[in-house]
1. Among T41, T24, which is open to solvent by 40 Å² or more (accessible area, probe 1.4 Å) and free of Cβ contacts under 8 Å to residues at least 40 places away in the same chain?
2. Filter the range 143-174 down to the residues that are at pLDDT below 85 and among the β-branched types (V, I, T), then identify the one that is most open to solvent (accessible area, probe 1.4 Å).
3. For a quick check of your reading of the model, give me the residue pairs whose first member lies in the range 77-94 and is closer than 10 Å to L233 by Cα, whose second is at pLDDT 85 or above and open to solvent by 30 Å² or more (accessible area, probe 1.4 Å), with beta-carbon atoms closer than 6 Å and at least 6 apart or on different chains.
4. Quick check on the range 213-226. Is at least one of its residues among the hydroxyl-bearing types (S, T, Y), assigned to a helix (DSSP H, G or I), at pLDDT below 85 and open to solvent by less than 60 Å² (accessible area, probe 1.4 Å)?
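The values are calculated or read from the model by the stated rules, or taken from the named source; none is laboratory data. Keep in mind the model is a prediction, meaning the values are calculated, not measured. Using ideal geometry, Cβ is built from the backbone for each residue, glycine included, and neighbour counts are taken over all protein chains shown. Please note that ligands, DNA and RNA were not included when accessible areas were found on the heavy atoms of the full protein model with its side chains. Shrake-Rupley method; radii C 1.70, N 1.55, O 1.52, S 1.80 Å.
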Amino acid sequence: MLVDPLLVAAVGAGIAAGIVHALTGLDHLAAIAPLTIERRTDAWRVGLSWGLGHSGGVWLLSLLVFWLWGALPTALLSYWGERLVGGVLVAIGLWCCLRALSRQIHVHRHCHDGVSHAHLHLHLHRSGAHSSSLHEAAEDHRHPHAPLWIGLLHGVAGSHHLLAALPVLALPSRVAAGGYLGGFGLGAILGMALFSWILGRVALLPAAGGNRSFLAIRLATGSVAIGIGVFWLWTGGI
């Protein structure tokens, strides 16, 4: 069986475009970084889940573009979609920062000369690896699908995601168009899974150095997500 060279080229171009699209979107990286930092050991799963959701969103958006071209209120959808992305980024950043601090801040009650009062303490010493891993596993179990839904939102929101569908309009056959879209989704999945794996490995270094270093990187990623989210809310993205 002969392989259609146009189909091969379309799939290859789609994979390359998907990887570039996933790794050059600051909103993508800002959304996935806090979730990746929290998992670390199997961080690639976060990127894989986000990529699956994002690819599904792009495929859905592409179908809508083809079927309802000219009838979709793209400007209105883009406006609210981009601001929804900004709100989600702010929420993820706040969640990451508050979750990091909640593990370190404790209330201790003391009694001096018959007077009882409480102090807030910030603990930066190492915690037990066993209890920490159990706590993280429990929280990951409660939020296993968050990256998938966030990726889906990224896939369907924002006018710049329509760029994924534009090359398809120029392809001469539906088979090549389908190959390009399939490759684009695969590229986004591979690119973000690789990013999450690398970030997870990097996050293991400060985590091994103690809670102080790990607290800093968690607060940093959360703050970046908040900053980019506010930017998107204010300007509608880039």
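1. T24
2. My answer is V156.
3. Hits for this filter: R83/L233; G86/L233; L89/I228; V90/I226.
4. Looking for residues that are among the hydroxyl-bearing types (S, T, Y), assigned to a helix (DSSP H, G or I), at pLDDT below 85 and open to solvent by less than 60 Å² (accessible area, probe 1.4 Å), one finds at least one in the range 213-226, hence yes.
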